[in-house]
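Here's the structure, in C-alpha cells; my notes come after.
Where a number appears in this text, it was derived from the coordinates with a stated rule and is not lab data. These figures come from a predicted structure and were not determined experimentally. In this analysis, Cβ positions are derived from the backbone assuming ideal geometry, glycine residues included, and neighbour counts consider all displayed protein chains.
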Amino acid sequence: MNKEAKYKVVLIEPSEIVATGIAEIVNRNPEFSVVQTLSNPTYYNANNNDIDIIIVNPTVIDYNERLDIRSYFGGTNSALVALAHSNYEENVLRQYDDCIGIYDNTARIIQKLKSAMEENSQNPKSDLNELSTRERDILKAVAKGKTNKEIADEFNISIYTVISHRRNISQKLGINSIPGLTVYAIMNKLVDMSDFS
C-alpha cells in the first residue's frame, strides 16, 4: 500500500483475480492507494468518511429492489466508479461518476479515477435530485401506503396523472415495487418511521 497516497480507494469486486489485478494497477500510481478490497458491498463500513473513491462491480448491487447507489453506501460523498465486465443499462451507469471497463489499460483507468473525482466534486449525484417537487410528494404518499385514488384526491389531480407520476418515479429511480419505493423514501428521509404508526 502507498503510504504517501493522496486518495484512498475501496474496491468491491467478487472475483479475486479481477480484484487483485485492479488493485495492482491502481496501487502502481502514487496518487492512489487501495486501502480495502471487499467481495460484497454489505461489508463496506458506511461510516468510513475518509474514502475518496469506491470502485464497485455493478453486478453486486440488486438493481431490482435497490436504493439509489449513494444511499446503498450510506449516502457517501466518495466518488463512485463502476467496474464493468459487461454492458449495463444507462440508468444503472448514470449513478456512477465514471466507469472502468475490464479492458481499459492502466493509463485509462487512472484517467477515469481522476475524472470521477472531478465529476463527483463538481456535480454530486443523487437520484432524489432528479425528482420534481410533485414527484417527491407522490413518492411520499406512495410510501405511506395511499392508493392512486387517495393520492389523486389529495393533490387534486386525475388518477391518470398519478399513474404517470408513479411511472416516471419508477423509471428515474429504477425501483419498480411499492416496498422498494417505501425503503427509498425512508432512507432519503422523505418519510419517517413514525408515519407508519
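Listed values, structure above:
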{"item": "Charge dipole of the chain about the Cα centre (unit charges at C-beta), most positive-ward option of SER33, LEU11, SER164", "result": "SER164"}
{"item": "Cross-link partners of LYS172 among lysines (Cα-Cα below 16 Å; sequence separation of 8 or more within a chain)", "result": "LYS125, LYS140"}
{"item": "Percentage relative contact order, the stretch 1-56, counting C-alpha pairs under 8 Å, at least six apart", "result": "51"}
{"item": "Helical mean residue ellipticity (222 nm; -39500 (n - 2.57) per DSSP H run of 4+; nearest 500) of the chain", "result": "-12500 deg cm²/dmol"}
{"item": "Net charge, ALA23 excluded, C-beta distance under 13 Å - Lys, Arg +1, Asp, Glu -1", "result": "-1"}
{"item": "Inter-label distance, nm, simple model (7 Å from Cα along the C-beta direction), ASP137/THR106", "result": "5.7"}
{"item": "18 Å reach of a label modelled at ILE17, 7 Å along Cα-to-Cβ, counting backbone N of the stretch 25-41", "result": "25, 39"}
{"item": "VAL191 long-range amide H proximity, modeled H, under 5 Å", "result": "ILE186"}
{"item": "Which label in (1) 15.8, 46; (2) 24.7, 77; (3) 19.0, 61 gives the computed Rg and Dmax of the Cα atoms in Å", "result": "(3)"}
{"item": "Unit charges at the beta carbon, dipole of the chain: most positive-side option, GLY101, SER78, MET193", "result": "MET193"}
{"item": "Under 19 Å from the Cα of LYS8 - lysines, other chains or at least 8 residues apart", "result": "LYS112, LYS114"}
{"item": "Inter-site label distance for ASN168 and SER86 at 7 Å from Cα along Cβ, in nm", "result": "3.3"}
{"item": "Net dipole in debye of the chain [+1 Lys, Arg Cβ; -1 Asp, Glu Cβ; about Cα centre; nearest 20]", "result": "240"}
{"item": "Computed FRET value (nearest 0.05) for SER177 with ASN45, which takes r as the C-beta separation and R₀ as 41 Å", "result": "0.90"}
{"item": "Protection proxy ranking of 137-143, 161-167 - average other beta-carbon atoms within 10 Å, highest first", "result": "137-143, 161-167"}
